[in-house]
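A short worksheet on the structure shown next.
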Amino acid sequence: MSVSETGFSGTSGPWHGTTILTVRKAGMVALGGDGQVSIGQTIVKANARKVRRLAGGDVIGGFAGATADAFTLFERLEAKLEQYRGQLMRAAVELAKDWRTDRYLRRLEAMMLVADKDVSLVLTGTGDVLEPEAGIAGIGSGGNYALAAARALSDGPLDAEAIVRRSLDIAADICVYTNRNVTVETLKSA
């Protein structure tokens, strides 16, 4: 079953409107997302904040999918980060185990991109914890457009934050569920 078949990409079902992208380059990791939330063909919010800092600022994360579900997952991830003393990989694996096996969590429709100074990860409700190739990943309805743009820009002179901003701008030109009200968080990487 593909991500879009499960509804996590934001392209099936009534809720649309997210593009989340992370880029890791030259000692920096940037994670950004647009602010649009749509129901069908109607924009219901243009300035949603889908990217935030976690674990006292040591982890950055963004979500695509149902907002309440994503907030539940952020809370669970925060608890796992506290339990495992900020070890993102361990916390993410434990969250994915819970997400896949817990009856309540299994019904959540969201995906997350998370990053710390060492690793960037894609988390899905099917139990996947994926480290993206070349430190670049995109999720949501415009995620593939932003991902393609970021890959094309990654070997040029732009830093990670500039690549995220430019790639989200390109995605907004293509995806009607993506706007230019962008939030970007950065961390120095290892």
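The values are calculated or read from the model by the stated rules, or taken from the named source; none is laboratory data. Quick caveat, the model's predicted, so the values are computed rather than measured. Every residue, glycine among them, receives a Cβ derived from its backbone with ideal geometry; neighbour counts consider all protein chains shown.
Worth pointing out:
- Gly140 vs. criteria at pLDDT below 95, at positive phi and in contact with a strand residue (DSSP E or B) (Cβ under 7 Å, 6 or more places away or on another chain): yes
- Take the conditions (1) modelled with pLDDT under 80; (2) of a type in the set (Val, Ile, Thr); (3) over 14 Å from Ser141 (Cα atoms); (4) under 15 Å from the mean Cα position of the chain (by Cα); Val3 misses just one of them, which is (3).
- Qualifying residue in region 50-71 (condition: farther than 20 Å from Arg180 by Cα, out of contact with any strand residue (DSSP E or B) (no Cβ under 9 Å at 6 or more places or on another chain) and acidic (Asp, Glu)): no
- Scanning region 135-154 for residues that are under 27 Å from Thr42 (Cα atoms), assigned to a helix (DSSP H, G or I) and hydrophobic (A, V, I, L, M, F, W, C) yields Ala146, Leu147, Ala148, Ala149.
- Given (1) part of a helix (DSSP H, G or I); (2) farther than 23 Å from Gly35 by Cα, index of the condition Pro157 fails: (1)
- Hits in region 159-184 (condition: surrounded by fewer than 18 Cβ atoms within 10 Å (Cβ to Cβ) and among the small types (Gly, Ala, Ser)): Ala162
- Any hit, region 105-116, residues being more than 30 Å from Thr42 (Cα to Cα) and at pLDDT 95 or above: yes
- For Leu77, the conditions (1) surrounded by fewer than 21 Cβ atoms within 10 Å (Cβ to Cβ); (2) in contact with a helix residue (DSSP H, G or I) (Cβ under 7 Å, 6 or more places away or on another chain); (3) modelled with pLDDT under 95 are fulfilled apart from (1).
- Of all residues in region 61-74, those being farther than 16 Å from Val114 by Cα and surrounded by 21 or more Cβ atoms within 10 Å (Cβ to Cβ) number 0.
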